[in-house]
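*Asks:* Quick one: structure below, then a few questions.
The values are calculated or read from the model by the stated rules, or taken from the named source; none is laboratory data. In this text, all values refer to a predicted model and were calculated from it rather than measured experimentally. In this analysis, Cβ positions are derived from the backbone assuming ideal geometry, glycine residues included, and neighbour counts consider all displayed protein chains. Please note that ligands, DNA and RNA were not included when accessible areas were found on the heavy atoms of the full protein model with its side chains. Shrake-Rupley method; radii C 1.70, N 1.55, O 1.52, S 1.80 Å.
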Amino acid sequence: MVENENNFRELLDVNYCWPCVFPFKFIVPSDKLQEILTLFPGEEHVCRASRTGKYISVTIHKNVCSSEEVVQIYELVGKTEGAI
């Protein structure tokens, strides 16, 4: 897992100039949406429900300072059961 995270950080550093607005995208069970949104207080978000309504696609644009911050946020969201 650490190797994957390091590769992801390297890709982020090549493709983004920090600080920047980073587009986070998640797919979460509908009943977990609020849990995800509490991790991004005050941030604008766009949600789109799946055809069946069981899942919601969430896009959040957040100002971040580094690739490390991006990885930390993904790790936090990863603790939410069912989040992709």
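*Asks:* How long are the semi-axes of the equivalent ellipsoid of the range 4-46, taking √(5λ) for every eigenvalue λ of the Cα gyration tensor, in whole Å from largest down?
*Replies:* Working: eigenvalues 125, 40, 13 Å².
After scaling each eigenvalue by five and taking roots: 25, 14, 8 Å.
*Asks:* Given H placed 1.01 Å from N in the peptide plane, which residues other than close sequence neighbours of Y55 have an amide H under 5 Å from its amide H?
*Replies:* Answer set, sorted by chain and number: S30, S50.
*Asks:* Could you state the accessible area per residue of the chain in Å², with a 1.4 Å probe and every protein chain left in place? Don't skip to the end; give the middle numbers.
*Replies:* Working: 5810 Å² over 84 residues.
That works out to 69 Å² per residue.
*Asks:* What percentage of the solvent-accessible surface of the range 1-49, computed with a 1.4 Å probe over protein heavy atoms, is contributed by carbon and sulfur atoms?
*Replies:* Details: 2040 of 3630 Å².
Reported share for carbon and sulfur atoms: 56 percent.
*Asks:* Cα-Cα pairs above 16 Å in the chain: how many percent?
*Replies:* Numbers: 1868 of 3486 pairs.
Within the chain, distances greater than 16 Å cover 54 percent of Cα pairs.
*Asks:* With every protein chain kept in the model, how would you rank L33, L39 by accessible area, 1.4 Å probe, largest at the top? Before the final figure, lay out the partial values.
*Replies:* Values: L33 30, L39 70 Å².
Accessible-area ranking of L33, L39, largest first: L39, L33.
*Asks:* Roughly how tilted is helix 2-15, in degrees to the nearest 10 and between 0 and 90, from the longest Cα axis of the chain?
*Replies:* The angle comes out at about 80 degrees.
*Asks:* Label-point separation (nm) for C65 and E3, each offset 7 Å from Cα along Cα-to-Cβ?
*Replies:* With each label point 7 Å from Cα toward Cβ, the separation is 3.2 nm.
*Asks:* Shifting gears a bit: Below 12 angstrom from the Cβ of L12, what's the summed charge of the other residues (Lys, Arg +1; Asp, Glu -1)? Write out the running numbers ahead of the final one.
*Replies:* Numbers: positive: R9; negative: E5, E10, D13, E68, E69.
For residues surrounding L12, the net value is -4.
*Asks:* Separate question: Quick one: order Y16, Y55 from most to least accessible surface, probe 1.4 Å. Provide the component values of the computation, followed by the final result.
*Replies:* Details: Y16 70, Y55 105 Å².
Largest accessible area first, the residues go Y55, Y16.
*Asks:* Show that you can apply the helix-only estimate: for the chain, add -39,500 (n - 2.57) for every DSSP H stretch of four or more residues, divide by all residues, and state [θ] at 222 nm to the nearest 500.
*Replies:* Computed ellipticity for the chain at 222 nm equals -11000 deg cm²/dmol.
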